[in-house]
Amino acid sequence: MYRNKKMAEEKNESKWIIKTQYFHFEKKQDNTYTLKFQNRVYEFHIKSFLHKAKQKKWIVLQISAIACGLLMVAITVQKRTKIEEKLVKEIGQGVGGFENTNPPKIQATQKKQEKAVPSHEGVSEKDEALKDKLMGVKQDTASEENQDAEKEENQIAGKLFYTVKPGDTLSEIAQRYNVSVASIAGSSQIRIPDDLRVGQKLQIPTKDGFFYTMKKGERLASVLKKHKVDIKKFFQDNPGINPDLLEPGDEVFLPGAKPQNLIYGWLIPVSSRIITSGYGWRRYPKHQFHPGLDLKAPYVPVRATNRGVVKYAGRLGGYGNCVIISHPNGYRTLYGHLSRIYVRTGQRVNRGRVIGRSGNTGYSFGPHLHFEVTRYGKRLNPLVLLKGLRYKKRRR
Ligand SMILES: [Zn+2]
């Protein structure tokens, strides 16, 4: 009965009808459309629909504009993806492929670049935080630190500037700015991290990695490959960059990378660079062989010139309070006339560790540091190891 009735309706009123197992669509003679879908019935009249659309013409326009915008975004994203894909292909690296590898090994050399490059954006907030740090404002509750760490992760790399002051070492500056020595050295084009000049301008990235200046004839792909830079991270820190438009002198940030030409030399044990008495025969205070260098050091911190083990720490005749450190490769260094000793025999020390304070103990006429070097028991002129020292006046 029901079936017959329905069939009759269809015959009389429907112009055409679509039936699938999912929906049921029919058009009736008076241009009424019916859609039955998931137990619901939608009915609309084509004339009234067009009329409404006309009334709301501006809405239609807006929707079209939004659609166009979305299309443009999609095209841009696709273009960027293509740039990344091209670079990945050129390098032969899967995206994220270097994420879990060990830090890059030191291989090639890098020429000095002199071009000053403007700072990246997004620095000011970090700058402020840094100032607080330098001024001793403490923000070290665990949760805040975690938040900071997260922020750093997400922020693109920025750059800070620092002018070297007397007594600064790169490791201390790096610690203060919470980045690696290599990151600062690389960004500042320093090859010997210990060789800082007072007044020298340092460029400090806000996260590990370094700012690299492109050289003539160099392709970004080879730079990224050489420094094992993760491409995803690279584009995060260099948003909008187009490798094909890079020119010599342009700067890019290489996240997580280390410069490959760093030379970790011997540290000058005190902040001054002045020799008050040289190595060798001398007449004053009496005619004798001077087996070390005397450095200007008026009660200042004395640092281990390299890593090693304290061989001796205590009184030692004319040397007064004295520290001797045994270093790798047969080197030993001696620090004499100290007013204070901060290490004990047998202790391991890192390069740059403060081991005491200079003074005037033992056979000494005024505070200074007496510094000696031997290698496999043979005396060496310390100037062989320490670079950047100068004589106070003519050698006596
Ligand atoms: Zn001396």
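What follows draws every value from the coordinates through simple rules; no lab data is involved. Bear in mind the structure is a predicted one, so any value in this text is a computation, not a measurement. Note that we place each Cβ from the backbone using ideal geometry, even for glycine, and neighbour counts take in every protein chain shown.
Computed values, structure above
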| item | result |
| --- | --- |
| Computed label-point distance, nm, for sites Leu316 and Val198 using a 7 Å Cα→Cβ extension | 2.9 nm |
| Inter-site label distance for Arg219 and Lys82 at 7 Å from Cα along Cβ, in nm | 1.8 nm |
| Built amide H within the under 5 Å cut-off of Asp250, gap 5+ | Met214 |
| Among 216-222, 175-181, 353-359, 297-303, the order from most to least packed when residues are scored by Cβ within 10 Å on average | 353-359, 297-303, 175-181, 216-222 |
| Mean separation of Cα contacts under 8 Å, 6 or more apart, over the residue count of segment 274-391: relative contact order % | 30 percent |
| Listed pairs Lys215/Lys296; Lys82/Lys258; Lys57/Lys79 exceeding 30 Å between Cα atoms | Lys215/Lys296; Lys57/Lys79 |
| Long-range amide H partners of Arg303 with built H, under 5 Å | Val270, Ile355 |
| Rounded FRET efficiency, nearest 0.05, which uses the C-beta distance separating Lys56 from Lys27 and R0 of 25 Å | 0.55 |
| Label-point separation, Gln175 to Ala65 (7 Å along Cα→Cβ), nm | 5.8 nm |
| For segment 170-210 versus segment 320-345, the gap between their alpha-carbon centres in whole angstrom | 28 Å |
| In order through segment 66-83: 3J(HN,Hα) via Karplus (6.51 cos²θ - 1.76 cosθ + 1.60), integer Hz, x for Gly, Pro | 4, 4, 4, x, 4, 4, 4, 4, 4, 5, 4, 4, 5, 4, 4, 4, 5, 4 |
| Gyration tensor over alpha-carbon atoms, segment 341-396, equivalent ellipsoid semi-axes in Å | 22, 18, 13 |
| Entries of Lys207/Lys387; Lys165/Lys201; Lys27/Lys56 with Cα pairs more than 18 Å apart | Lys207/Lys387; Lys27/Lys56 |
